[in-house]
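**Student:** Following this message is one structure expressed as structure tokens.
The values are calculated or read from the model by the stated rules, or taken from the named source; none is laboratory data. The shown structure was predicted, so the numbers you read here are calculated from the model rather than taken from an experiment. So basically every Cβ, Gly included, is an ideal-geometry build from the backbone, and we count neighbours across all protein chains shown.
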Amino acid sequence: MTVKTTGIVLGQTPLSSRDRKLTLLTSDLGLIDVIAKGQKGGKNRYAAATEVLAYSEFCLFRGKTFYIVDAADLENNFFGLRQDLTALSLAGYFCELCRFVLPTAENGGDCLRLLLNTLYLLEQKKRSPAFLKAVFELRLLTLCGFAPDTGFCAFCGEEEGDGWYFLPAEGQLCCARCGTTLDGETLKMPLSPSIRTAITHITTVPDRRVFSFRLSPQGEAQLGLAAEAFALYHLGGRFPALDFYKTMAEPPASLPNLRKVPTNDTSQICQNPGTGQDPAPAG
Ligand SMILES: [Zn+2]
């Protein structure tokens, strides 16, 4: 019995000089392991389609334990990412996150679309690595059922205000007034109204609009701190590719002071009206 699906290679392990085990994120089957068998003489027919980050249409044969690649037709190998070590290391982190959250047949297609669109924007340099990292972290967790709640203060219910804290462990907001009553143990991160709007946008809009806004470098830095803290707290994993990316990426120009609630700053976010998302390799 064979099944057709599209998917991207998140990782590969050599099983012998000829055969490889691939971890695929697919549109129909979620996260699966498949075997790509080589030919006599050591050459693998599907070498191009079985590289990490290769996106292909696969025809899979169901074996006893694993699917076996029956045919693979390469659609995009994100060649441009391989020329840029910072972008490549960030792409590696995205792959690690996708493997960690174990996408299912239900949400695998959405996770795959998010990954493909993010890689496309990264490869084409249409958004900064810092922007794409934060959007990817927050949106991926949203697709897996972990969206932060940014509608109101978790303590007093206040919905409007100029100064906020983000509580990554709780995935909630806290207003400036309630923030003064929190004990020193609670991890809280200042959040300007514009970054609160950005988080709400990332976690609630339809897929095609996820990337359709822009931030200043300072805004990207603040969003990045909140997104990473939220993702790492809720996933609780170790991501070697993230450590590597951080050794490659330039530090943000000026990180906000973490202990001070910023004043109302609307310069950090501007909606990108009407244009929607940039064209991407898969819809
Ligand atoms: Zn409050």
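**Student:** For the range 43-79, which residues satisfy the criterion of being under 19 Å from SER27 (Cα atoms) and part of a loop (DSSP other than H, G, I, E, B)?
**Tutor:** Correct list: GLU51, VAL52, LEU53, ALA54, PHE66, ASN77, PHE78.
**Student:** For the range 211-220, what are the residues that are closer than 15 Å to PRO129 by Cβ and within 16 Å of the chain's Cα centre (by Cα)?
**Tutor:** Those that are closer than 15 Å to PRO129 by Cβ and within 16 Å of the chain's Cα centre (by Cα): PHE211, GLU220.
**Student:** Next up: Whether any residue in the range 69-76 is surrounded by fewer than 21 Cβ atoms within 10 Å (Cβ to Cβ) and in contact with an Asp or Glu (Cβ under 8 Å, 6 or more places away or on another chain) is what I want to check.
**Tutor:** Looking for residues that are surrounded by fewer than 21 Cβ atoms within 10 Å (Cβ to Cβ) and in contact with an Asp or Glu (Cβ under 8 Å, 6 or more places away or on another chain), one finds at least one in the range 69-76, hence yes.
**Student:** Mind checking which pairs have a first residue in the range 207-235 that is free of Cβ contacts under 8 Å to residues at least 60 places away in the same chain and a second that is in a helix (DSSP H, G or I), Cβ under 7 Å, 6 or more apart or different chains?
**Tutor:** PHE213/ALA198; PHE213/HIS201; GLY219/SER194; GLY219/ILE195; GLN222/ILE195
**Student:** Same structure, new question: Could you tell me how many of the residues in the range 223-251 are of a type in the set (S, T, N, Q) and touching a strand residue (DSSP E or B) at 6+ places or on another chain (Cβ under 7 Å)?
**Tutor:** Total meeting the criteria: 0.
**Student:** So LEU97 fits all but one of (1) under 22 Å from MET1 (Cα atoms); (2) surrounded by 21 or more Cβ atoms within 10 Å (Cβ to Cβ); what number is the exception?
**Tutor:** Of (1) under 22 Å from MET1 (Cα atoms); (2) surrounded by 21 or more Cβ atoms within 10 Å (Cβ to Cβ), only one is false for LEU97: (1).
**Student:** Follow-up question, since we're still on this one. In this structure, is PHE230 at pLDDT 95 or above, part of a loop (DSSP other than H, G, I, E, B) and more than 13 Å from the ligand (Cβ to nearest atom)?
**Tutor:** No, not satisfied.
**Student:** Within the range 18-29, how many residues turn out to be assigned to a strand (DSSP E or B) and surrounded by fewer than 20 Cβ atoms within 10 Å (Cβ to Cβ)?
**Tutor:** Taking the range 18-29 and keeping what is assigned to a strand (DSSP E or B), we get 20-26.
Right, trim to surrounded by fewer than 20 Cβ atoms within 10 Å (Cβ to Cβ) and you get 21, 23.
Residues that pass the stated criteria total 2.
**Student:** Can I ask one more? Sort out which residues of the range 148-167 are on the phi > 0 side of the Ramachandran plot and touching a residue at least 12 places away in the same chain (Cβ under 8 Å), and write them in order of number.
**Tutor:** Taking the range 148-167 and keeping what is on the phi > 0 side of the Ramachandran plot, we get 157, 161.
Scanning the range 148-167 gives a single hit, GLY161.
**Student:** OK, next. Pull up the range 168-186, narrow it to residues that are in contact (Cβ under 8 Å) with a residue 40 or more places away in the chain and within 30 Å of ASP207 (Cβ to Cβ), then point me to the one that is surrounded by the fewest Cβ atoms within 10 Å (Cβ to Cβ).
**Tutor:** Only one residue fits best here, namely ALA169.
**Student:** Same structure again: Answer yes if at least one residue in the range 95-111 is more than 17 Å from THR26 (Cβ to Cβ) and β-branched (Val, Ile, Thr), and no otherwise.
**Tutor:** Scanning the range 95-111 turns up no residue that is more than 17 Å from THR26 (Cβ to Cβ) and β-branched (Val, Ile, Thr).
**Student:** Moving to a separate point now. Suppose the filter is over 20 Å from LEU116 (Cα atoms), touching a Leu at 6+ places or on another chain (Cβ under 7 Å) and of a type outside the set (Val, Ile, Thr); does ALA198 pass it?
**Tutor:** yes
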